Amino acid sequence: MDARRRPAKPLDGPVHPRSKQHRADVGVAGDASSLKASDALPLPLYLTNAVFFTLFFSVVYYLLSRWREKIRTSTPLHLVTPAEMAAIVAFVASFIYLVGFFGVDFVQSLILRPAGDVWTADDEDDEVVVAGADHDKILLKEDSRSSPCGQALDCEPVVQKPKLVDPVVQDAPKEKVIEAVPSAMPEEDEEIIKSVVEGKMPSYSLESKLGDCKRAAAIRREALQRITGKSLSGLPLEGFDYESILGQCCEMPVGYVQIPVGIAGPLLLDGREYSVPMATTEGCLVASTNRGCKAIFVSGGATSVLLRDGMTRAPIVRFATAKRAADLKFFVENPANFESLAVIFNRSSRFARLQSIKCAIAGKNLYMRFSCSTGDAMGMNMVSKGVQNVLDFLQSDFPDMDVLGISGNFCADKKPAAVNWIEGRGKSVVCEATIKGDVVRKVLKTSVEALVELNMLKNLTGSAMAGALGGFNAHASNIVAAIFIATGQDPAQNVESSHCITMMEAINDGKDLHVSVTMPSIEVGTVGGGTQLASQSACLNLLGVKGANKELAGANSRLLATVVSGAVLAAELSLMSAIAAGQLVKSHMKYNRSSKDVTKVSS
Ligand code: ADP
């Protein structure tokens with residue numbers, strides 16, 4: 001189809017048919033709705049024009065010369081020959097074509113003017129003043145687009161409605177005064193926005209003052225745009241339950257970030273099939289995990305074992321001497337004292353059950369690593385409360401104990417640490433599968449031998465050469481992060497939750513592959529934190545682990561940990577195979593590099 005006849009592709013915002021953007025979109029200097037008769041011709045436009053121009057002037061010349069000839073020979077003008085008749089028809093046809101092509105546009109341009117509500121910003125260079133309450137006025141180019149500025153990182157504020165706000169500026173003859181308002185704010189909110197902008201009302205107090213979280217977020221967002229002069233138009237405000245995050249998930253919200261969720265699976269794990277939700281913006285990741293799931297599925301599935309389940313917290317306490325620090329260490333590690341300490345600890349929650357206390361001394365400083373089961377909660381709050389109970393109790397027997405902090409980093413939370421790698425934190429899981437040689441060849445497009453060799457040289461030797469801590473894998477953190485975000489886990493705990501050693505071994509006389517992932521510190525929960533939010537809760541529901549398990553506390557969060565390990569197993573298989581087969585760069589070019597012209601998308 002000729003570009004001129006192609007209808008304009010839908011755009012985010014209203015586009016005037018005569019705007020530059022529209023013209024660029026349809027590819028000509030004219031709008032797609034005003035199609036011309038010449039469009040029906042199978043010739044390019046310039047050739048059609050040339051044909052009709054030539055025809056017009058030729059027949060005019062021919063008819064005038066015939067007219068002069070008839071006057072000279074006194075022949076009546078109304079007596080026409082077939083040739084003259086044909087010339088007259090050609091004259092009329094070419095005249096209609098030329099008037100239709102050039103004349104109508106010309107006349108319309110004189111009579112019709114673009115309506116006031118169309119997008120003229122492209123064609124105009126008017127400068128207008130954006131007023132932020134009584135703040136400095138910001139000079140901006142007028143842009144009445146209502147569409148978001150898309151993925152642009154630093155869009156100018158979107159301006160929708162001109163509004164006079166300052167009588168002084170109002171008098172300025174050539175400048176239009178408008179607000180950096182992406183959408184009209186209700187009258188009654190204007191005063192509050194001004195107070196926030198002027199610093200008279202703290203932004204954090206909006207929820208408690210207004211009693212309406214959505215309205216508080218809208219006002220905060222608007223104030224922020226005015227203060228910074230930066231638009232948040234690509235960040236959605238609507239479509240989110242702001243009440244659900246109050247006091248639990250996020251303070252001072254101004255919108256929410258959208259992350260696509262893809263599904264890998266079915267993952268056949270311990271005899272059940274799971275569709276694994278993965279929130280990611282990394283192309284290839286879901287596709288690759290999906291391929292690994294297929295390899296596992298056709299090989300009969302994977303098996304997982306939960307080795308341990310205990311969340312940890314390690315306070316730091318200080319004494320005047322190392323001897324006193326050691327006294328406390330011997331006291332808390334003495335099995336005879338464990339029962340009484342556990343009773344005090346367990347008062348923190350009906351789900352918290354103290355498992356152990358392991359101590360480390362640095363001079364006169366003591367680090368006590370408490371470990372406890374936490375039901376279906378990830379458990380950081382629970383374990384912290386239990387630790388506080390025990391510290392309060394110990395203070396009476398050890399009054400010289402100086403509690404420096406509830407967390408002394410021997411826990412270790414959200415930092416790579418050998419203690420988690422060796423002792424475990426959260427759920428410790430091992431997951432394995434036997435992949436048939438045929439499947440390795442047909443689905444994974446490589447060989448058992450190549451995979452085993454690559455695993456030894458990359459995941460084991462290569463990581464050892466790099467001095468890795470828990471990083472004896474190809475990309476466990478990719479999968480952990482994606483599932484964590486989809487299911488409302490704490491993404492920062494991806495640090496230790498991704499500790500993983502991937503093992504591959506040829507079995508059955510080298511025909512088949514045994515693959516396993518061992519992950520000692522997967523920190524997940526199905527209650528509390530972000531798990532209760534609508535989207536995250538839907539993803540947990542998909543896995544059948546939403547909320548608290550009614551029959552056995554902790555069963556849901558443990559199951560979730562095994563699913564994470566199963567998905568990691570699948571993804572390790574697939575990525576290692578891609579590398580072994582030399583496909584990595586090729587597949588990333590296919591899935592990570594869209595064929596779209598990125599410069600056009602973001603402009
Ligand atoms: P976290 O300790 O992971 O930060 P929270 O303390 O925010 O989690 O959430 C756990 C809360 O959920 C606790 O108040 C606990 O009593 C409640 N809860 C309800 N059912 C369960 C369950 N099956 N397992 C663990 N906690 C549960």
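Structure values in brief
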quantity: Packing-based exposure ordering (other Cβ within 10 Å, fewest first) of Cys359, Cys539; calculated: Cys359, Cys539
quantity: Cβ-based exposure ranking for Cys500, Cys249, in which fewest neighbours within 10 Å come first; calculated: Cys249, Cys500
quantity: Neighbourhood net charge (15 Å Cβ-Cβ; Lys/Arg +1, Asp/Glu -1) for Gln489; calculated: 0
quantity: Residue pairs, from the table Lys214/Lys546; Lys436/Lys511; Lys294/Lys442; Lys436/Lys458; Lys294/Lys445, whose Cα atoms sit over 19 Å apart; calculated: Lys214/Lys546; Lys436/Lys458
quantity: Protection proxy ranking, peptides 57-63, 250-256, 433-439, 575-581, average beta carbon neighbours within 10 Å, highest first; calculated: 575-581, 433-439, 250-256, 57-63
quantity: Amide H contacts under 5 Å for Ile507, placed H, 5+ residues apart; calculated: Asp512, Leu513, His514
quantity: Whole-Hz couplings from phi, Karplus 6.51/-1.76/1.60, listed for region 561-575; x for Gly and Pro; calculated: 4, 5, 5, 4, 5, x, 5, 5, 4, 4, 5, 4, 4, 5, 5
quantity: Whole-Å distance, taken between Cα centres, linking region 558-572 and region 52-88; calculated: 88 Å
quantity: Pairwise centroid distance, computed over Cα atoms, of region 204-220 with region 269-319, Å; calculated: 38 Å
quantity: Overall form of region 226-357 per C-alpha gyration tensor (a/c, 1.5; a/b vs b/c); calculated: oblate
quantity: ³J(HN,Hα) computed for each position of region 531-548 - Karplus, 6.51 cos²θ - 1.76 cosθ + 1.60, integer Hz, glycine/proline x; calculated: 5, 8, 6, 3, 5, 5, 5, 5, 5, 5, 4, 4, 7, x, 10, 6, x, 7
quantity: Taking Lys70, Lys546 and counting other C-beta atoms within 10 Å, the order from fewest to most; calculated: Lys70, Lys546
quantity: Top positive-direction residue, dipole computed over region 368-443 with Cβ charges, set Ser396, Phe370, Cys431; calculated: Cys431
quantity: Burial ranking of peptide ranges 192-200, 73-81 (average Cβ count within 10 Å, highest at the top); calculated: 192-200, 73-81
quantity: Net +/- balance of residues flanking Ala412 in space, Cβ distance below 11 Å, scoring K and R +1, D and E -1; calculated: +2
quantity: Under 5 Å, built H, 5+ apart or other chain: amide partners of Cys359; calculated: Arg369
quantity: Per-residue HN-Hα couplings for region 462-473 [Karplus 6.51, -1.76, 1.60; θ = phi - 60°; Hz; x = Gly/Pro]; calculated: x, 5, 5, 4, 7, x, 5, 10, x, x, 8, 8
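Where a number appears in this text, it was derived from the coordinates with a stated rule and is not lab data. Just so you know, these numbers come straight off a predicted model, no measurement behind them. Note: ideal-geometry Cβ built from the backbone for every residue, glycine included; neighbour counts use all protein chains shown.
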